[in-house]
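First up is the structure itself, then whatever we jot down about it.
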Amino acid sequence: MIEVEKKFILDEEATNKLIGGATFLKEINHIDTYYDTKEHFLTTQDIWLRRRNGKFELKIPLNQGESKSKRTLDRYEEIDDEDQIQSKLKIPKNKSLTEDLKNASFSPFATITTARRKYRKGEFVIDIDSADFGYTIVEVELMVEEYNIKEATKKILEFARKHGLKIAPVRGKLIEYIYRKDQNHYLLLVDRGVV
Ligand code: V4E
C-alpha cells in the first residue's frame with residue numbers, strides 16, 4: 001500500500017466544512033529544522049534533510065531528472081537511519097551526525113513548528129497543518145495499492161471539490177517559508193525546476 005496525498009489551502013469556512021462529520025484522531029506537534037549548504041547544494045537537487053523532533057530524515061526524489069512539468073506525482077525515498085543518511089550524502093563519519101554535518105558545511109536554514117491535527121472522514125485521512133509562521137494547509141490522503149494511484153488522485157480531487165477546497169497548486173510549508181523569507185533561494189529553486 002502507498003499513501004497518495006494532495007495539499008490544499010484552507011480558510012475558516014472550508015475548515016468547518018471539512019471537519020464537520022469527521023472523526024478527530026490526534027494532534028501531533030513537529031519541530032522541523034532543515035539543513036543545507038550556503039550554496040543550497042541539497043535543495044537545488046530536490047533533496048531535503050531535516051531533523052524532526054530530534055531525529056534526522058532525508059528525502060531523495062525517486063523521479064530525479066524529470067522536470068517538474070513532466071512529473072505526475074512527487075515520490076521520494078525516505079531515509080531515517082543516520083549511517084545511511086551520512087553515506088547517501090557522502091559525508092565522512094567522525095563524530096555525531098550533527099558535528100559531521102557542520103564540518104561538511106551543512107547548517108540549519110529553517111526551523112518550522114507545526115501543529116498537525118489528524119481526522120478521518122470515510123476512507124480519507126485529513127491532516128490540518130498550522131505552521132508557526134502563519135500558514136495553514138490541509139493534506140487529504142488515501143492509502144491505496146500502487147496500481148490505483150490515478151483513481152485515488154481522482155477521488156481526492158472529488159472530495160476536495162465537494163468540500164469547497166480550491167484546486168490549485170499549493171506551496172508546502174517549507175517552500176512557503178523559503179518564498180517568504182529568502183527570495184533568492186526561492187528563485188534558485190524555480191530556476192532549477194525544483195518548484
Ligand atoms: C520541500 C519538500 C520537502 C520538505 C518537506 O516539505 P513540507 O511539505 O513543508 O513538509 P511536511 O511537514 O508536510 O512533511 P511530511 O510530514 O509530509 O513528511 S519534501 C519534498 N519537497 C519538495 C517540494 C517541491 N519540490 N515542490 C513543492 C511545490 N513542494 C514540495
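Backbone geometry of the range 52-58 corresponds, through the Karplus equation with coefficients 6.51, -1.76 and 1.60 at θ = phi - 60°, to 3J(HN,Hα) couplings of 9, 6, x, 10, 6, 9, 10 Hz, x marking Gly and Pro. When the alpha carbon coordinates of the range 75-115 are projected onto the principal axes, the ranges are 35, 23, 14 Å, largest first.
Would you calculate a helix-derived [θ] at 222 nm for the chain, using -39,500 (n - 2.57) for each DSSP H run of n ≥ 4 and dividing by the full residue count, to the nearest 500?
On the way: 6 runs with 54 residues, N = 195.
Taken over the chain, the calculation gives -8000 deg cm²/dmol.
How tilted is helix 149-162 with respect to the longest principal axis of the chain? Cα atoms for both, answer in degrees (0 to 90, nearest 10). Relative to the chain, helix 149-162 is tipped by roughly 60 degrees.
Ranked from highest to lowest mean number of other Cβ atoms within 10 Å per residue, what is the order of the peptides 87-95, 177-185, 26-34? Walk me through the numbers before you get to the answer.
Numbers: 87-95: 12.0, 177-185: 15.6, 26-34: 13.9.
Per-residue mean Cβ counts within 10 Å order the peptides as 177-185, 26-34, 87-95.
Note that the range 94-107 has calculated 3J(HN,Hα) couplings of 10, 10, 6, 4, 4, 5, 5, 5, 4, 5, 9, 6, 9, 9 Hz, one per residue in order, obtained from phi through the Karplus relation 6.51 cos²θ - 1.76 cosθ + 1.60 (θ = phi - 60°); glycine and proline are x. Report the FRET efficiency, 1/(1 + (r/R0)^6), for GLU82 and ALA104, where r is their Cβ-Cβ distance and R0 is 22 Å, rounded to 0.05. Working from the Cβ atoms, E equals 0.95.
For TYR135, nonlocal amide neighbours, meaning residues 5 or more places apart or on other chains whose placed amide H falls under 5 Å from its own, do not occur. The rule of thumb for compact globular proteins, 2.2 N^0.38 Å, goes into the C-alpha radius of gyration of the chain 1.09 times. Charged neighbours of ILE19, selected by a Cβ distance under 10 Å, balance to +3 (K, R count +1; D, E count -1).
Amide H to amide H, with H built 1.01 Å from N, VAL195 comes under 5 Å of VAL190, counting only residues 5 or more places away or on other chains.
Bear in mind these aren't lab numbers, they're just calculated from the coordinates by the rules spelled out. Since this is a predicted model, take the numbers as computed values, not measurements. So basically every Cβ, Gly included, is an ideal-geometry build from the backbone, and we count neighbours across all protein chains shown.
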